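The values are calculated or read from the model by the stated rules, or taken from the named source; none is laboratory data. It should be emphasised that the depicted structure is a prediction, and the values quoted were computed from it without experimental measurement. So basically every Cβ, Gly included, is an ideal-geometry build from the backbone, and we count neighbours across all protein chains shown. Side chains included, ligands, DNA and RNA excluded: accessible areas come from the protein's heavy atoms. Shrake-Rupley method; radii C 1.70, N 1.55, O 1.52, S 1.80 Å.
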Amino acid sequence: MLVGMRTPGHRIGVDIGGTFTDAVVVAPDGRLAIGKVSTTPPDFATGFFGAIDAAAARLGLDARGLLSATRSLAHGTTVGINALVTGDVARVGLLATKGHGDAIRIMGGGGRVLGASLEELLDYQRSSRADPVVPRERVFELDERIDRDGRVVVALSDAAIDRAVDRLIAAGVESVAVALLFSFANPTHEERTLARIRARCPGLFVCASHEVAPRIGEYPRMVSTVLNAQIGPLMRGYIEEIVRGARERGFAGEVLFGQSEGGLSTAEQASRFPLTTLQSGPVAGVVGSARAGREMGQPNVVVTDMGGTTLDVATIEAGRVAYRYENEVVRQLAYLRKVDVESVGAGGGSIAWIHAQSGSLRVGPRSAGARPGPICYGRGGREPTVTDADLMLGILSPERPLADGLRLDLAAAEKALDELGARLGLSAEACAAGIVEIVDSRMEDLVRRMTVQRGADPRDFVLWAFGGASGAHAGLYGRGIGVREIVFPMGDAASVWSAYGLTRLDPACTYEASVALRTPLDATALAGGFATLEARARAHAKIARFESPVVLRRVGMRYPLQVHEVEIDCPEGPVDARFGERLVERFHRAYEGRYGAGAAYADAGAEITSLRVVMRSRTERRPLAPAPAVDHRAEPVGQRGVYWRELAARVETPLYEGAALAPGAALDGPGIVEFPHTTIAVRPGQGLRCDGFGNLILRLAERPVDGATAARAERSVHGGPRRDGASVGATGRGAAT
């Protein structure tokens, strides 16, 4: 069964995270079933199918029964990015144009700053550029040359290719990247090289720059091709394993894979171009939020996804996500069209440590991951994490098991935090409070950087918080940036939102070309460029049998002599002179929208640097519809001692069963709302209500703590004093530096 065949049935999205693997099943009637299991590195496929098994059990089915009744199975994978980050990649050989073999080492002159932290940049003596993605001894040059207009200046011979292949074989390479000069203008030399290599070495993974990144810019185009080749063999084997496993378990369709730009691709496309799968999980969460947000009447959203390893942040304006075309990957600049998501190493598994020089407490970016995980998981972890701190403070409960029936060991977490705190002169509780404050401050900084520092007013947005750890922290990292409400989408589904987002994505393909068109625009050249790309996109859509395919035309534009471009959606209608005028008008408006009123300079003219055609399958889905909401107060089901920094004390706090909250239910903080897969902390002065979509909406307007509450807090203190005799409440900020 191909991508676009119309069949009834379930939709499944599976997202593999650093700590847990999530599966979401959307039944034909719109019901959701969630499966969550521990991630299983290095055999990620075990966790993939384990999560489906868990979701099937929630529906009263086994995996075969579910998969045989499934219409769409989509996967967001971290296998490629994990391999690049850890360096566990294939041994790559690079073929470059004669005289240009060192472009990969020169790195466009920006090697020292790419991906470097502020501390590394300021400490110049200790900072250095990243190593090139391919060592010089595995870079081989071909005697050929094509000029910028696509004309052959130096012909390429079969003998030259054969000599290069002999050297590649002697070097023991496992894959080959071909990146020849100006191949995007004329790919014939790269195509000939690919065919020759495949004929001689049929099992070797080979890719070329005109396929991976057909854009002007030698260094990033070369890097993109090499990165694709580095993860190609690994991803090809992994994708084959997933496809084979799904087929053996009864799935008759085609497994689809998330793309970094927010669509779905076939297994064959993902195997050829695995670079496009990087960050496909977080991207699915963002695009799913944009589509769900439009249906829920929330077009302006700040997305925050806090998992076990990172916090991912993106913005959605007027229901549309933003894209980036140049991205830093493992401290290299690559051409990768990706939804604009920024990350910081701040998650539930982020490790707390003491800086050797300053003696101050730090958190992250290192993470305990799935194995060994936080100390409280009991899997051999030895360094305290954010999750251990949340457990120590009472936000999390040792009585409620996590996925896989995993119970949290409070005594082990407290012992580790006590030992770490002793080195700082703090109690275990104070140390935990400091860890939480530090990690929340880091996350708040990233949210501010993605909004305020980009000219967006957070007061115009709603903050969406999802991922397994967001519920415990969003009330803190959200309130400092000015948003008024935080939405935890669809209750427990917030913990697996990226997997849910995969069920909202459509198959898509993008074709692009570099051009150089200046105003007044040549309508004939513009129309011809789009026609070529649309023909390729339609051919792909026909083979994949897209449902009701939709064509989107976009251009990259800039003012003359500028470096960075702004993407513009093209107007509808024929590509004629009026089309060009309307396109330029849109560019000026978009430029001012991004950089501020008065930033545009129409008298300078404009130029188009790239054309893009996006072909998307328009898949029918049941729209989200709210249920009737009746206002009422939620009833607690118990209480637990929780340390609240606002009260400087541990207070007996009401507990609420999240699954029992009906539309219209409301409660005031402090309170803890517990779901099977996530916990939401409603902090003092905050309030929570459930809307008709099942969203839990946290109100951030703080109310003052009255005297009775303060007195009650004083009587309910369970934690001990600091080792230096100061009160526990005085240590909350003292631990953060």
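For residues that are touching a Cys at 6+ places or on another chain (Cβ under 9 Å) and hydrophobic (A, V, I, L, M, F, W, C), scanning just region 655-672, find the one that is nearest to Arg699 (Cα to Cα).
Looking at the filtered set, the residue picked out is Ala666.
Residue check: is Leu73 touching a residue at least 40 places away in the same chain (Cβ under 8 Å), closer than 30 Å to Thr619 by Cβ and in contact with a Leu (Cβ under 8 Å, 6 or more places away or on another chain)?
It is true that Leu73 is touching a residue at least 40 places away in the same chain (Cβ under 8 Å), closer than 30 Å to Thr619 by Cβ and in contact with a Leu (Cβ under 8 Å, 6 or more places away or on another chain).
Report, by residue number, each residue of region 139-153 that is assigned to a loop (DSSP other than H, G, I, E, B) and in contact with a strand residue (DSSP E or B) (Cβ under 7 Å, 6 or more places away or on another chain).
Listed by number, the residues that qualify are Asp143, Glu144, Asp147.
If only one of Glu581, Glu534, Glu572 is of a type in the set (Asp, Glu), assigned to a helix (DSSP H, G or I) and more than 30 Å from Phe257 (Cβ to Cβ), which one is it?
That would be Glu581, the only listed residue that is of a type in the set (Asp, Glu), assigned to a helix (DSSP H, G or I) and more than 30 Å from Phe257 (Cβ to Cβ).
Counting only residues that are within 29 Å of Gln453 (Cβ to Cβ) and in contact (Cβ under 8 Å) with a residue 40 or more places away in the chain, which one in region 600-613 is surrounded by the most Cβ atoms within 10 Å (Cβ to Cβ)?
Checking each candidate, the answer is Ile608.
Please enumerate the residues belonging to region 47-80 that are in contact with a Lys or Arg (Cβ under 7 Å, 6 or more places away or on another chain) and farther than 25 Å from Ser265 by Cα.
Ala54
If you go through region 484-510, how many residues are of a type in the set (A, V, I, L, M, F, W, C) and either open to solvent by 10 Å² or more (accessible area, probe 1.4 Å) or closer than 26 Å to Ser548 by Cβ (or both)?
Summing the residues that are of a type in the set (A, V, I, L, M, F, W, C) and either open to solvent by 10 Å² or more (accessible area, probe 1.4 Å) or closer than 26 Å to Ser548 by Cβ (or both) in region 484-510 gives 6.
Can you go through Gly529, Gly480, Gly556 and tell me which one is outside any strand (DSSP E or B) and under 26 Å from Val303 (Cα atoms)?
Gly480
Look through region 364-390, keep the residues that are among the hydrophobic types (A, V, I, L, M, F, W, C) and under 22 Å from the mean Cα position of the chain (by Cα), and return whichever of them is surrounded by the fewest Cβ atoms within 10 Å (Cβ to Cβ).
Within region 364-390, the match that is surrounded by the fewest Cβ atoms within 10 Å (Cβ to Cβ) is Ala370.
Taking Ser548 as meeting all but one of (1) part of a loop (DSSP other than H, G, I, E, B); (2) under 26 Å from the mean Cα position of the chain (by Cα); (3) not aromatic (Phe, Trp, Tyr), write down the number of the exception.
That leaves (2) as the condition not met.
Based on what the data block shows, is Glu191 in a helix (DSSP H, G or I), open to solvent by 10 Å² or more (accessible area, probe 1.4 Å), at pLDDT 95 or above and within 25 Å of Ala159 (Cβ to Cβ)?
The answer is yes for Glu191.
One line per residue, one yes/no per condition, for (1) closer than 17 Å to Ala499 by Cα; (2) among the charged types (D, E, K, R); (3) touching a residue at least 24 places away in the same chain (Cβ under 8 Å):
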| residue | (1), (2), (3) |
| --- | --- |
| Ala27 | yes, no, yes |
| Arg31 | yes, yes, no |
| Ile34 | yes, no, yes |
| Ser38 | yes, no, yes |
| Ala45 | yes, no, yes |
| Asp62 | no, yes, no |
| Leu66 | yes, no, yes |
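Which ones in region 368-408 are at positive phi, assigned to a loop (DSSP other than H, G, I, E, B) and in contact with a helix residue (DSSP H, G or I) (Cβ under 9 Å, 6 or more places away or on another chain)?
Gly373, Gly378, listed by residue number.
Which members of region 551-574 meet the condition of being among the aliphatic types (A, V, I, L, M), at pLDDT 90 or above and open to solvent by 30 Å² or more (accessible area, probe 1.4 Å)?
Val551, Leu552
Can you tell which of Leu463, Leu533, Leu446, Leu526 is surrounded by fewer than 23 Cβ atoms within 10 Å (Cβ to Cβ), of a type outside the set (Gly, Ala, Ser) and farther than 22 Å from Glu572 by Cα?
Leu446
Can you tell me which residue within region 141-163, out of those that are in contact with a Ser or Thr (Cβ under 8 Å, 6 or more places away or on another chain) and open to solvent by less than 30 Å² (accessible area, probe 1.4 Å), is nearest to Arg200 (Cα to Cα)?
Once the filter is applied, the top-ranked residue is Ile161.
Considering Leu361, Leu393, Leu336, Leu424, which residue is in contact (Cβ under 8 Å) with a residue 60 or more places away in the chain, open to solvent by less than 50 Å² (accessible area, probe 1.4 Å) and within 23 Å of Gly76 (Cα to Cα)?
On inspection, the qualifying residue turns out to be Leu336.
Just to confirm my filter: which helices (runs of 4 or more DSSP H) fall fully inside region 45-138 and include at least 2 residues that are touching a Pro at 6+ places or on another chain (Cβ under 9 Å) and either buried (at least 18 other Cβ atoms within 10 Å of the Cβ) or at pLDDT 85 or above (or both)?
79-86, 103-106
Residue-by-condition table, conditions (1) more than 30 Å from Gly394 (Cβ to Cβ); (2) open to solvent by 40 Å² or more (accessible area, probe 1.4 Å); (3) at pLDDT below 90:
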residue	(1), (2), (3)
Gly593	yes, yes, yes
Gly598	yes, yes, yes
Met615	yes, no, no
Ala627	yes, yes, yes
Gln639	no, yes, no
Pro663	no, no, no
